[in-house]
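The structure appears right after this line, and notes come after that.
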Amino acid sequence: LIGSVAGAQVQDMPGGPKVNQLNLHEGVTQITRDVMWLHWMLLTICIVIFVGVFGVMFYSIWAHRKSRGHKPATFHEHLGVEVAWTVIPFIIVIAMALPATKTVVAMKDTSSADLTVKVTGYQWKWGYEYLDGSAAGIKFLATLSTPRAQIENREPKGEFYLMETDNHMVVPVDKKVRVVLTAADVIHSWMIPDFGVKQDAIPGFLRDAWFRAEKPGIYRGQCAELCGKDHAFMPIVVEVLAQADYDKWVEDEKKKMAANADDPNKEWTEAELVARGEKVFAANCVACHQANGKGIPGSFPALDGDKVVLGPKAGQINTVLKGKPGTAMAAFGPVLNDVEIAAVISYTRHAWSNAGKGQDPTVM
Ligand code: CUA
């Protein structure tokens, strides 16, 4: 169930190893091996029953046909046969259900994790926040970084195309990683076939799943719940590192965060805020509102010339903080810090309301 065709396609990329797209793939966790074993076990039982039942039926039809002088049997009931066809299927169903139930219980057991990461689905990107251990406090968004035109104009048509993201989740090898999933707007689904994980991310709910990846490497998945126009452009990339490399990554990430930390007590000049806001806009807003602020006509509003951006009203800050119910505009209050919010508002006002009109950008 978990492997699915989409999962198999992920590995079968131009230039990559050809994989058998008809089967699940092995994966790198005990759960994926259990699922694979269940899949073969159940399929084998089904095939044996199918061949047995239909074999007897077709043989009987052919061997005992009327033209050979056979007559239908006339006996009425047979206790032995009835007991057999009740008891044997019962035993088969129990034999199938026991290991399947064991695996389902193991899949749901998220206790005693070594690391917990909160994963949030947005239209159309993933947010990661490390909640405990040495990585606690690390958070970032992971957005498609492969240019859309390159994906849409790919040759040959219909081939799966490798999609990269600007950031990706990094975890240590052989550690139990618990992911706690939610969503900011609509239902998304976090699926990594190689880990045997597929869990819906639902607004207002927290659902968890876990994996223990046994081999370092880069593993890929995709949003697996139709979530709007760019559902197909929400790739998931997880890098599994040896413990020492993971510790190094945590250290580097922390250094990077410290270097980029926005000091809310600093006296920010307008120019500094605008410069910072340009980066915030590029990381969070361009997907919908475009780099030039023109939006996507019919889908996403333009910000240049927008009344809220132009006006001195509190409307814009509320839209950024709380999102806009009923639209794709997510609440950025939980995502951005105070400086980033001030910066992105300064930037949009500067870029599309005052700039080019000879106005002082500091006048709102
Ligand atoms: Cu998010 Cu589909």
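The values are calculated or read from the model by the stated rules, or taken from the named source; none is laboratory data. All of these numbers come straight from a predicted model, not from anything done at the bench. FYI the Cβ positions are ideal-geometry reconstructions off the backbone, even for glycines, and counts take in every protein chain you see. SASA here: full protein model, heavy atoms, side chains in, ligands and nucleic acids out. Shrake-Rupley method; radii C 1.70, N 1.55, O 1.52, S 1.80 Å.
Inside segment 163-180, residues that are more than 22 Å from Ala283 (Cβ to Cβ) and of a type in the set (A, V, I, L, M) make up a count of 5. Candidates are the residues of segment 108-137 that are within 12 Å of the ligand (Cβ to nearest atom) and of a type in the set (Val, Ile, Thr); the one that is nearest to Val170 (Cα to Cα) is Val119. The single residue among Lys198, Lys157 that is under 12 Å from the mean Cα position of the chain (by Cα) and either modelled with pLDDT under 90 or crowded, with 16+ Cβ neighbours inside 10 Å (or both) turns out to be Lys198.
Confirm whether Lys229 is within 16 Å of the ligand (Cβ to nearest atom), open to solvent by 60 Å² or more (accessible area, probe 1.4 Å) and either assigned to a helix (DSSP H, G or I) or in contact (Cβ under 8 Å) with a residue 24 or more places away in the chain (or both). Considered against the rule, which asks whether it is within 16 Å of the ligand (Cβ to nearest atom), open to solvent by 60 Å² or more (accessible area, probe 1.4 Å) and either assigned to a helix (DSSP H, G or I) or in contact (Cβ under 8 Å) with a residue 24 or more places away in the chain (or both), Lys229 comes out as yes. Applying the criterion of being assigned to a loop (DSSP other than H, G, I, E, B) and open to solvent by less than 50 Å² (accessible area, probe 1.4 Å) to the residues of segment 201-220, the residue that is farthest from Asp245 (Cα to Cα) is Ile202.
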